1. When you scan the stretch A:3-99 for helices (runs of 4 or more DSSP H) that lie fully inside it, which ones turn up with 3 or more residues that are away from every other protein chain (no Cβ under 14 Å) and modelled with pLDDT under 90?
2. If you check B:Val32, B:Val63, B:Val130, B:Val58, which single one turns out to be buried (at least 20 other Cβ atoms within 10 Å of the Cβ) and either more than 12 Å from chain A (Cβ to nearest Cβ) or part of a strand (DSSP E or B) (or both)?
3. Which members of the stretch B:113-127 meet the condition of being surrounded by fewer than 24 Cβ atoms within 10 Å (Cβ to Cβ), more than 7 Å from chain A (Cβ to nearest Cβ) and over 12 Å from B:Asp167 (Cα atoms)?
4. Could you please find all residues in the stretch A:246-257 being more than 10 Å from chain B (Cβ to nearest Cβ) and within 17 Å of A:Ile103 (Cβ to Cβ)?
5. Considering only the stretch B:166-181, how many residues are modelled with pLDDT of 85 or more and either farther than 13 Å from B:Leu96 by Cα or part of a loop (DSSP other than H, G, I, E, B) (or both)?
6. Is it true that B:Gly108 is under 23 Å from B:Glu186 (Cα atoms), assigned by TED's automatic domain parsing to the domain that holds B:Phe184, touching a Phe, Trp or Tyr at 6+ places or on another chain (Cβ under 8 Å) and in contact (Cβ under 8 Å) with a residue 60 or more places away in the chain?
7. Does at least one position in the stretch B:91-112 carry a residue that is touching a His at 6+ places or on another chain (Cβ under 9 Å), facing another protein chain (nearest Cβ under 10 Å) and more than 29 Å from B:Glu239 (Cα to Cα)?
Amino acid sequence: MNFFKELYHYRELLKTNVKKDIRGKYKGSFLGILWSFINPLLQVLVYALVFPYIMKVETENYLIFLICGIIPWTWFITSISQGTTSITNNANLIKKVYFPREILPISVVTSGLVNFLISCIIILIFVLLGGLTISWHLIFLPLIIIVQYIFTLALIFVLSAFNVYVKDVEYIVAFIINMLFYATPILYTTEMFSGPILWLFRLNPLAHLINAYRDVFYVHHIPNLINLSILLGVSILLVVICYIIFKKLEKRFAEEV
Amino acid sequence: MLKDNIAIKITDVTKTFKLYSDKPNTLKERLVRGYKNKTDYRLILNDINLEIKKGETVALIGVNGSGKSTLLKLMTKIIYPNKGKVETNGKLTSLLELGAGFHPDFTGRENIYFNASIFGLTKKEIDKRVDAIIEFSELGDLIDSPVRTYSSGQYMRLAFSVAINVDAEILLIDEILAVGDQHFQEKCFNKLEELASSEMTIVIVSHSLESLKKLCKRAIWIHEGKIAMDGDCSKVVEEYLKVCG
């Protein structure tokens, strides 16, 4: 409970940090904050142009299919990569001022969340332009978002703390994320596969999340609620464990960073 | 629990820092050297016992590397002792660095919010102080320009103004008395004197002994990780100068 009390006390720090993350990143560039939305769209454009050429894509509305995958994925990877270095990059602050250290990873996921929520509007615009409708299935969206938020936060609690002690973590993470991108049904559907490889998707939390996003935006299905509930339970357990590890390692941040 | 009139209590505190010949920070270095890499520890603070009462203004003096700043960092919970206990009573603010969290692309006004929020202030509390802070900094219209356009003196003035206007019950200050031009330095000093005579508990690390003599009644001289002398400020300073001057 102490956690929430401290967090509440330092809510203004969390808020200004999120603001700094969102607005500070592209400040000075001509398009400014718009870049955080243009970037994933450009990435979508690359895949949408390239993939139908190199492999046969039978998915209907492939562009929208891609957008529903890439935008949540962008939230995930930017949070993971920024989150992993969130302590080391703020070495100056850590060494000089006391504040609850968990603010740093939390504000990374939260600013990612704000970006993602705005991006959801972009998804909806594309859905409408693509001739699809917006359906009531969107009521499941908050649940999916909550699961992803908690799951990501758990990972970066532990990664950011490890990265203080062993600097290689950020490079290893970059590699794993790269692999994970292809192990997650973002460019393709899971239906294309059969056999033991399906276990890869079953064990990959991101696969469940991306599929759930697609269910509500694109397929208009009720997402697999049993899977999501299990994932929610696992994420909550994970975030508690990772937070405890973070708190243990936190004590020597100022000396090691 | 601390007694009501005690602001800071330090019991049997020992702090060591790891010393590496070359800090093995990458995985390869850890694997290659493994446990062969023998780490040496350097004793920074050795069994310190200290009590600071509420409302006191205390100076910490000593030569470079004697452990003054480490003691201050222990009080703020930036680092933790290897042994012993550090207890504080009341809202604590530490000014170990000016302008923590400043972002060069944002305006002075926005940075006031960033900086003050690091000290744990809420939006409402900052709103109340923002005018006083701007007035104290004497930056005028510049306050709405990005901080990167400031001169280093103006930057420090803004930072100091935020720091000094953050109400705290315990204020820890590390060598930041010399800020800006002559006029502003005097203004800062007067503000500190005002705070020192108030209810606030202040601990200052500094090498400007003359200012300390004016500000503090009590001084603690730390030498090689131990308290060499603790008592009346001018007497301690005198003794310190005899040995280390």
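The values are calculated or read from the model by the stated rules, or taken from the named source; none is laboratory data. As the structure is a prediction and not an experimental result, all values here were calculated from the model. We place every Cβ from the backbone using ideal geometry, glycine too, and count neighbours over all the protein chains shown.
1. It comes to A:35-54.
2. Step by step, each of B:Val32, B:Val63, B:Val130, B:Val58 is checked, and only B:Val58 is buried (at least 20 other Cβ atoms within 10 Å of the Cβ) and either more than 12 Å from chain A (Cβ to nearest Cβ) or part of a strand (DSSP E or B) (or both).
3. Listed by number, the residues that qualify are B:Lys124, B:Asp127.
4. A:Phe246, A:Lys247, A:Leu249, A:Val257
5. Here the count works out to 2.
6. It is false that B:Gly108 is under 23 Å from B:Glu186 (Cα atoms), assigned by TED's automatic domain parsing to the domain that holds B:Phe184, touching a Phe, Trp or Tyr at 6+ places or on another chain (Cβ under 8 Å) and in contact (Cβ under 8 Å) with a residue 60 or more places away in the chain.
7. Checked against the condition, which is being touching a His at 6+ places or on another chain (Cβ under 9 Å), facing another protein chain (nearest Cβ under 10 Å) and more than 29 Å from B:Glu239 (Cα to Cα), the stretch B:91-112 yields at least one hit.
Residues checked against (1) among the β-branched types (Val, Ile, Thr); (2) surrounded by 16 or more Cβ atoms within 10 Å (Cβ to Cβ):
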site: A:Phe4; (1), (2): no, no
site: A:Tyr8; (1), (2): no, no
site: A:Ile22; (1), (2): yes, yes
site: A:Gly32; (1), (2): no, no
site: A:Ile38; (1), (2): yes, no
